[in-house]
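Here is the structure we will look at.
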Amino acid sequence: MNPLFKKKKAAMFLFAAPVVILFSIIIVIPLIQSAAMSFTEWDGINKAVFNGLSNYKRLFTSRDLNVSIRNSLLYSAILTVYQIGIGTLLAYFIVNFKIKGKRFFKDVYFFPVLLSVSVVAQLWISIYHGDFGLVNQLSGLLGSDWKQNWLNEPVKGIIAIVIAESWKGMGYHMLIIYAAMKNVPDVYYEASIIDGADKKQQFFHITLPLTVSTIKVSVVMCITYGFRAFEMIYLMTGGGPGNSSYTMPIMMYKALFSLQKYGYGSAIAVVIVVICVGMMLIINKLTERFDVQY
């Protein structure tokens with residue numbers, strides 16, 4: 001092997017080592033420990049007792065799991081459509097149309113991302129309030145039947161929460177898609193104008209194909225987040241009423257900190273990781289044919 005190549009390879013490993021070590025300490029080792037703990041019964045005080053697959057059996061026969069999976073799928077779907085769909089359109093308009101105050105609009109759309117989850121949750125709790133909330137004030141114009149306690153309804157409650165979540169995070173995805181669109185070489189647009197393409201054709205045949213890799217990353221983030229959603233749900237409803245707005249992280253939190261079932265909570269954590277990694281691999285496999293190199 002070339003001595004120069006050996007030195008470069010050694011330098012690569014040297015620079016990568018701190019990241020690999022930090023990743024192992026923060027992610028890999030705790031994950032292995034959680035996986036091992038998921039096969040035990042432990043209350044955090046007494047000695048852990050091996051119980052085989054009992055925690056997983058309890059999880060997969062739990063009624064809460066069905067509700068959590070339904071809510072997570074709904075969360076992922078709405079989050080993806082709202083954040084990626086609207087974010088992509090806004091990014092396209094800002095990049096390709098002459099709009100006064102583009103920087104102002106970018107800042108306004110991104111501003112909710114900077115707010116803490118607790119602030120956004122409290123804001124939207126007020127908006128959904130049954131008596132004086134903005135939503136009921138507007139829906140009341142259509143008749144009293146439209147007024148509801150939005151956060152106390154089983155399905156409507158989770159939809160209301162994910163709308164708040166989408167509002168908070170949409171600017172983030174808009175910004176990274178905007179950056180991808182800005183990097184598309186102008187030569188493609190110039191050639192398309194010569195060929196007589198309009199804005200719509202440019203969007204579907206140039207902009208979208210050349211930014212699909214970035215959009216795919218955002219889609220993966222949104223879909224997997226639906227199975228990791230916790231903060232906004234916990235702050236707005238606490239998983240209630242009953243278990244109607246449960247997700248798997250809410251189940252895990254209740255198991256760990258309310259029931260002190262650390263083995264059961266670890267089993268839920270392992271399943272969440274497996275689902276998220278599986279979803280990521282499936283999405284990458286389904287969308288790899290859409291990747292375009294330029």
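Does K168 satisfy the condition of being at pLDDT 90 or above, buried (at least 16 other Cβ atoms within 10 Å of the Cβ) and farther than 29 Å from I127 by Cα? Criteria not met by K168. Filtered by the rule that a residue be farther than 21 Å from K106 by Cα and either of a type in the set (F, W, Y) or crowded, with 17+ Cβ neighbours inside 10 Å (or both), the stretch 198-220 gives Q202, F204, I206, L210, K216, V220. Against the numbered list (1) surrounded by 13 or more Cβ atoms within 10 Å (Cβ to Cβ); (2) closer than 29 Å to Y92 by Cβ; (3) charged (D, E, K, R), D186 comes up short only at (1). For the stretch 251-278, the set of residues classified as touching a residue at least 40 places away in the same chain (Cβ under 8 Å) and under 14 Å from S62 (Cα atoms) consists of M251, Y264, A267, I268, V271, listed by residue number. Restricted to helices (runs of 4 or more DSSP H) entirely inside the stretch 208-294, those with at least 1 residues that are modelled with pLDDT of 90 or more and closer than 19 Å to I27 by Cα are 208-226, 248-253, 262-287. Within the stretch 90-111, the set of residues being within 23 Å of Y189 (Cα to Cα) and hydroxyl-bearing (S, T, Y) comprises Y92 only.
Looking at the stretch 117-132, is at least one residue in contact with a Leu (Cβ under 8 Å, 6 or more places away or on another chain), closer than 27 Å to T214 by Cα, surrounded by 12 or more Cβ atoms within 10 Å (Cβ to Cβ) and modelled with pLDDT of 85 or more? Checked against the condition, which is being in contact with a Leu (Cβ under 8 Å, 6 or more places away or on another chain), closer than 27 Å to T214 by Cα, surrounded by 12 or more Cβ atoms within 10 Å (Cβ to Cβ) and modelled with pLDDT of 85 or more, the stretch 117-132 yields at least one hit.
Within the stretch 200-226, the set of residues being in contact with a helix residue (DSSP H, G or I) (Cβ under 7 Å, 6 or more places away or on another chain) and either of a type in the set (D, E, K, R) or within 25 Å of L123 (Cβ to Cβ) (or both) comprises K216, S218, C222, Y225, G226.
The values are calculated or read from the model by the stated rules, or taken from the named source; none is laboratory data. Computed from a predicted structure; not experimentally measured. Heads up, the Cβs are rebuilt from the backbone with ideal geometry, glycines too, and the neighbour counts pull from every protein chain shown.
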